[in-house]
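Below you'll find the structure, written out as structure tokens, and then a few comments.
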Amino acid sequence: MFTVTVMPALDSEFIRTGKVRWVFINLPLPSVHPNALAAAEVAMCAARQRRFWQTHDALYLHQDGWAKLPQPRDTLVALAQRAGVDRDKLNACIQGGTARAAVQQDAARAARSGAHSTPSFYIEGGLLEGAPYTPDPMRHVLDSVYAVRSAPRRNPK
């Protein structure tokens, strides 16, 4: 799974070093993962408490435990709480509905941009769908883009 196996390497090599700006866009696929929208909503509410990535990672690490539950909310909230999210604020956010609307807007924009699967990546305007199983393919692409972007520019004569 990309989040567990590949993302940590990309985070330390590219994101934390400032070589890459990483933007997360929600694209839950309820037809494949019935509880994906609920999980995305919890993560967006966690983001309002500055705990998005911690919650995101916890949700992915424990996906097998909540993915097929008929009512996943309590489990999702508990995972977010363990990631440092205040339960009362999280529940208020979920009940408010604005996070769900934000997730749905993200998904609509992603679909309009051509993304139909997760994960999908936009790199320098190009769409790459599907996840590599090791960091190497992404490392190669990102190193290449970084080399071009950071090369000294020549003045045309």
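Some notes on this structure:
- Highest average first, the peptides 2-9, 108-115, 17-24 ordered by how many other beta carbon atoms sit within 10 Å of their residues are 2-9, 108-115, 17-24.
- Estimated at 0.36 nm per residue, the fully extended path between Leu61 and Ala108 surpasses their Cα-Cα distance by 14.3 nm.
- Whole-number accessible area per residue in Å² for the chain, which is evaluated in the context of all protein chains at 1.4 Å: 63
The values are calculated or read from the model by the stated rules, or taken from the named source; none is laboratory data. Predicted model only: the values in this text are computed from it and were never measured. With ideal geometry, Cβ positions are generated from the backbone for all residues, glycine too; neighbour counts draw on all protein chains shown. To get the accessible areas, we keep the full protein, side chains included, count just its heavy atoms, and leave off ligands, DNA and RNA. Shrake-Rupley method; radii C 1.70, N 1.55, O 1.52, S 1.80 Å.
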